[in-house]
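The values are calculated or read from the model by the stated rules, or taken from the named source; none is laboratory data. The structure presented is a predicted model; accordingly, all values stated were derived computationally and were not measured. With ideal geometry, Cβ positions are generated from the backbone for all residues, glycine too; neighbour counts draw on all protein chains shown.
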């Protein structure tokens, strides 16, 4: 009689096949959960901006429905900027809810979000979405911390003399521009003619001519003075980061509440910082880089309760890398594009603008051709760029003092997160 041994290799394969399903599902679930958690942080940033928007620039008589619509608009705008295209594709749906407390005469809002994140692997088990939620609370009033991110124009046009007396000195001391026979009034950091022995910036510095960039630096000093006084008066602590821009962004001093450290960073601001040829103003390129930089600073600082203010100091003229034609259908010499201002405000920052007037230079050919036709629109454009009550004009020492003092006063009562 023949004995047959029953093989068990097929049974092992079947058992492994059945065991593989929950293993794959567990690994897939971990991937889906990690993706959902990665979505929560940018969604929280978006809801923070929504909460701030709900209570900013809104009168107490505004309906709760209007405030919720405003919050929703900011939330949706931040979804577009804070989430990658792949993450937005995973966002199966979301809703936000707003609760407003105006009983005390102040603006307070609590905004919550609930989002459904589409799964990939867990659909095998019939789980098509994972829920992610968050909450943010904001109010209008004095906050403990105010973070000022100062963004200073360091292009050549900030080398215009600060007042009429300084203009007269600079014109008298300027080397002749051989090609045009004009007297250049821009204290730019390049030599204007082959026979010049010094740059016009060197001429200005040698003759102690005060330029618009110097007025801007004095204004930041006023802001620091006001901030130092506020520590004793209201226990409000102000922190500052300092950046310059021309053709690109130049981070010069990180966020600090040590005002001596901040003043040292301000002292480094100079025309053409980091540039060895032309120092033109390319706001469309520098503003997004600056916004990314300060978002990184704030994320590292991890203090959501601070009021966050961008202080833009500029003459408002965009001139791309010496060009005078068009790029992508837009003139290279034009007022700043407001969409860059909108992006800063949509990210949850109040935007203060100090406009250093672009004075008429009737004897300068470049000015007459490119700037004079649009000069009147520069101030109007920057007013639209600024947040409510945060626009000022500053040229003379008195004006710049008043401008920065007023900005600090208004900044003390800006909206801020409380939770």
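Restricting region 208-242 to residues that are surrounded by fewer than 14 Cβ atoms within 10 Å (Cβ to Cβ) and outside any helix (DSSP H, G or I), which is modelled with the lowest pLDDT?
Step one: filter region 208-242 for residues surrounded by fewer than 14 Cβ atoms within 10 Å (Cβ to Cβ), giving 208, 228-229, 231-235.
Applying the additional criterion that residues be outside any helix (DSSP H, G or I) yields 208, 235.
Values: 208: 89, 235: 62.
Here the answer is 235.
Checking residue 324 against (1) assigned to a helix (DSSP H, G or I); (2) surrounded by fewer than 22 Cβ atoms within 10 Å (Cβ to Cβ), which single condition isn't satisfied? Among (1) assigned to a helix (DSSP H, G or I); (2) surrounded by fewer than 22 Cβ atoms within 10 Å (Cβ to Cβ), the lone unmet condition for residue 324 is (1). Selection over region 154-170 of residues that are in a loop (DSSP other than H, G, I, E, B) and over 20 Å from residue 366 (Cβ atoms) gives a count of 2. Candidates in region 151-175 are the residues that are farther than 13 Å from residue 207 by Cβ and out of contact with any helix residue (DSSP H, G or I) (no Cβ under 6 Å at 6 or more places or on another chain); of these, the one that is surrounded by the most Cβ atoms within 10 Å (Cβ to Cβ) is 155. Residue 290 satisfies every condition listed in (1) farther than 30 Å from residue 108 by Cα; (2) at pLDDT 85 or above; (3) touching a strand residue (DSSP E or B) at 6+ places or on another chain (Cβ under 8 Å) except (1).
Only residues that are within 20 Å of the chain's Cα centre (by Cα) and buried (at least 17 other Cβ atoms within 10 Å of the Cβ) were counted across region 347-392, and they come to 20.
Filter region 123-152 down to residues that are closer than 30 Å to residue 253 by Cβ and not in a strand (DSSP E or B) and give me whichever is modelled with the highest pLDDT.
Step one: of region 123-152, the residues closer than 30 Å to residue 253 by Cβ are 136, 138-152.
Now drop any that are not not in a strand (DSSP E or B), which leaves 141-144.
Values: 141: 58, 142: 56, 143: 60, 144: 68.
My answer is 144.
Could you go through region 383-396 and let me know if any residue there is at pLDDT below 80, part of a helix (DSSP H, G or I) and closer than 28 Å to residue 209 by Cβ. Looking for residues that are at pLDDT below 80, part of a helix (DSSP H, G or I) and closer than 28 Å to residue 209 by Cβ, one finds none in region 383-396, hence no.
Got a sec? Which of 54, 38 is part of a helix (DSSP H, G or I), at pLDDT 80 or above and over 19 Å from the mean Cα position of the chain (by Cα)?
Numbers: 54 fails: at pLDDT 80 or above.
Criteria check complete, one pass: 38.
Per the listing 294, 344, the residue uniquely out of contact with any helix residue (DSSP H, G or I) (no Cβ under 8 Å at 6 or more places or on another chain), outside any loop (DSSP other than H, G, I, E, B) and touching a residue at least 40 places away in the same chain (Cβ under 8 Å) is 294. In summary, residue 262 fulfils each of the numbered conditions (1) in a helix (DSSP H, G or I); (2) touching a strand residue (DSSP E or B) at 6+ places or on another chain (Cβ under 6 Å); (3) closer than 30 Å to residue 360 by Cα; (4) at pLDDT 85 or above with the single exception of condition (3).
Does residue 253 satisfy the condition of being modelled with pLDDT of 85 or more and within 20 Å of residue 220 (Cα to Cα)? Taking the combined requirement at face value, the residue satisfies it.
Being free of Cβ contacts under 8 Å to residues at least 40 places away in the same chain and more than 29 Å from residue 174 (Cα to Cα) is a property that residue 383 has. Among the numbered conditions (1) assigned to a strand (DSSP E or B); (2) crowded, with 22+ Cβ neighbours inside 10 Å, the only one that residue 281 does not meet is (1).
Here is the figure for region 153-184: residues that are modelled with pLDDT under 65 and within 25 Å of residue 283 (Cα to Cα) total 1.
For region 207-241, how many residues meet the condition of being on the phi < 0 side of the Ramachandran plot and without any contact (Cβ under 8 Å) to a residue 24 or more places away in the chain?
Narrowing region 207-241 to residues on the phi < 0 side of the Ramachandran plot: 207, 209-234, 236-241.
If we keep only those that are without any contact (Cβ under 8 Å) to a residue 24 or more places away in the chain as well, we get 225, 229, 231-233.
Going through region 207-241 one residue at a time, the tally reaches 5.
Taking (1) more than 18 Å from the chain's Cα centre (by Cα); (2) at pLDDT below 85 in turn, residue 307 satisfies each apart from (1).
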